[in-house]
Structures are given as structure tokens and as C-alpha cells.
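**Q** A single structure is presented below for examination.
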Amino acid sequence: MTQALPKLPTSVVGSHGLPGWVWLAREAMEAGRLGAIDLRELMEDATQAALLDMERAGVDVVSTGEMMRVRFIIGFYDHIQGIKTLPAPRRLGQPLWDTNTPFEVTEKLSAPRGLGIVEEFKLARELTGKRIKATVPGPYTLLVPLKLGGGYKDKDTLLADLVKIVNAECKALVAVGADFIQIDEPHHGMYHGSAHDVSKGINRAVDGVDAKIAVHVCFGNLYGRPFSAVRDYANVFSTLHEIDASQIVLEFANRGMDDAARWKDFPRDKELGAGVIDVKAFKSETPHEVAERIRALLRHVAADRLWLNPDCGFWETPRWIAKQKLNALVEGARLVRKELT
């Protein structure tokens, strides 16, 4: 049974801040010191910690916490056959976008055992009674670090096989009880200067998926930094009405609330999941600061179509700050709810 939600529901974009001991455990994993049972316990304990943090803060719709994912999407390529790892183009200096791992396609892409998200969801489902939003990387975003090869002549053909992988993962999630799935396509927020049609690949990726669909578009958060110098949704907004989704999740807090005025151009058949928590800021907002951001949104967005969430996931945020930010999110929403009633 779907839980009744309050006005201005709170949720998260996906990842939670990693406990320090998870970083140590990952080092042990890389050194080959953990067995299958150890890994299962690690994933269960870390997921439980993330869920407890979200539940104690009072978040209405939680996520799995994504505790065992590596750098947002890189870990998924361990599940994909037909690729080989290439050396990063830059290894010296501060890590950033050009120190990420690229891959060369060597043969037809497949993920015969899925991307691992089903197992992640099933574990979280056992550990909480809250409604869970499952989070799945979009096909365009999975395409980013892949270099053509293996018989693929163009990116459209490569994208078509990634669409099949994402679609299969979404359907497998529904089969184990997921009723709310978010497709993460931050890659689209990085385009500037021309409209980029986000709808075709996303719509094929969710075709036949019997669940509430959200699509998350931001400007990146690798190592706590955006990809693009110009962060403007103008080109994204023009394509949103074509996306087969109930909710569009966008960042606002880090960039300011000016884009809220563009709600007049936003599709009326969709909810807005608005980022009112700045995940790139080291210091937490206060509940009153969050409430001010919500009020700014409500000048342009109907309350019954507005969800509240952080700008992006907390995977680059220390856990102790993530907990403070979740508390501010929930308390800020409560302040505004009282005003609405």
C-alpha cells in the first residue's frame, strides 16, 4: 500500500553521505580482504545506516542510500560486458572530471545479470517500512565515458543497447516491488547553447515500466563541483514536455532561485522535485533558510505539484553534514506547511 504523503513531500535525489568506516572497508575490498559474507554484511550495515539517518530526519520518501556505488556511475561498468578499462587521461593533481575512468567498447554491450540495483533495492526494502524511490542511471549518462569500438559505428547504435540495459533494470525493479523509479540524467544539464533532445532515449528506457517515473537533471557534482560554467536550464526546459515522467527533479539551491520563474514554461502535467538544499556547500542551511527557498518556489509553483529534495545526491558530502542538511530540509518543509494550513 502506498503511504499517504503530506503536502510538499520531502525526498532525496539518491546517494547518502558515506560513513567513514565504509571508506576503510572499500580499501579492504580493493586489497581482497573481504569475502562474500563480509561484503553482504557491509552492504546491509551501510544501507541500514543511511536509511536510519533519513528516517530520523523525517524524510517522507527515502532512497537506498546507494552505499556501495562507486563515483555515481563508474561501478556500473563492472556489470556491463563488452568494454575494457582505459587509463585516465590525467593522473596528476587534483582529481576532477578528466581523472575519471574511460572505457573502450570492444564488443556488443550487455548486462546479463543486471546493474546491481535490484539487489540494492531488495535489501533496502527489507530494512525500512518507508516508501523507497529507486534510482537508475540514464542511458545518455552511461554513454558519457564510453569510446566507440567493437563494431559500433555511431553513438546512436551504442545508446540503443544502453537503453535496453536500463529498461531491463527498471522492469526488474518493478518485479520486486519498486513503484517509484528515478532516472538520473545529469548529463543533460551540462549542455549549453543548443537544445538537446532528452526525451527519446529516456522514453524508450522507461517504456513498459509500470511505476511512477521521475527524471533528475542537474549540472554534475563530481568531487563537489559542477561540470559546466554556465548552469542554465533554458535548453532543457524546451524538451521536458515530451518526457514520459510524472516528476522532473532539478537543482535550485546552489544556483539561486531565479529559474523558479520559468515554471510558466514547465509542463503542467508534471511535478517539480525542487532542490532546496545545496549539496556543494560545506555548511548546512538552517530550516528558516530552506523555508525561504520553498516560499520563493511557491510564488510560481502550485503546492500540490511541488516536492522538496537536495540539489543532488550526498555522495560527495561528509555524512555528518548530510544529516544536518536532511534535518534542515524536513524542518524547513514543516515551517511552510504550517503557513499553508
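The values are calculated or read from the model by the stated rules, or taken from the named source; none is laboratory data. The shown structure was predicted, so the numbers you read here are calculated from the model rather than taken from an experiment. Positions of Cβ are generated from backbone atoms using ideal geometry, with glycine treated the same way; all protein chains shown enter the neighbour counts.
**Q** Looking at region 49-62, I want the residues that are more than 12 Å from Arg319 (Cβ to Cβ) and have a partner that is of a type in the set (Gly, Ala, Ser) and not in a helix (DSSP H, G or I) with Cβ atoms under 8 Å, at least 6 apart or on another chain. Which pairs are those?
**A** Leu51/Gly65; Val59/Ser11; Asp60/Ser11; Val61/Ser11; Val62/Ser11
**Q** Let me ask something else. Of (1) in a loop (DSSP other than H, G, I, E, B); (2) over 25 Å from Thr141 (Cα atoms), Lys264 satisfies all except one. Which?
**A** (1)
**Q** List, please: which pairs have Cβ atoms under 9 Å, are six or more places apart or on different chains, and start with a residue in region 324-340 that is over 23 Å from Leu52 (Cα atoms) and surrounded by fewer than 16 Cβ atoms within 10 Å (Cβ to Cβ) and end with one that is of a type in the set (D, E, K, R) and at pLDDT 95 or above?
**A** Pairs that qualify, where the first residue is over 23 Å from Leu52 (Cα atoms) and surrounded by fewer than 16 Cβ atoms within 10 Å (Cβ to Cβ) and the partner is of a type in the set (D, E, K, R) and at pLDDT 95 or above, are Arg337/Lys7; Glu339/Arg295; Leu340/Lys7.
**Q** Out of region 244-259, which residues are within 20 Å of Ala211 (Cβ to Cβ) and either more than 17 Å from the chain's Cα centre (by Cα) or at pLDDT below 75 (or both)?
**A** Asp244
**Q** A further question on this structure: Considering Gly114, Gly149, which residue is touching a residue at least 24 places away in the same chain (Cβ under 8 Å), part of a loop (DSSP other than H, G, I, E, B), surrounded by fewer than 19 Cβ atoms within 10 Å (Cβ to Cβ) and touching a strand residue (DSSP E or B) at 6+ places or on another chain (Cβ under 8 Å)?
**A** Every option except Gly149 fails the conditions.
**Q** Could you grab me the full set of residues in region 7-27 that are over 30 Å from Val330 (Cα atoms) and either aromatic (Phe, Trp, Tyr) or exposed (fewer than 13 other Cβ atoms within 10 Å of the Cβ) (or both)?
**A** Leu24, Glu27
**Q** Look through Glu120, Glu107, Glu66 and report the one residue that is of a type in the set (D, E, K, R) and free of Cβ contacts under 8 Å to residues at least 60 places away in the same chain.
**A** Glu107
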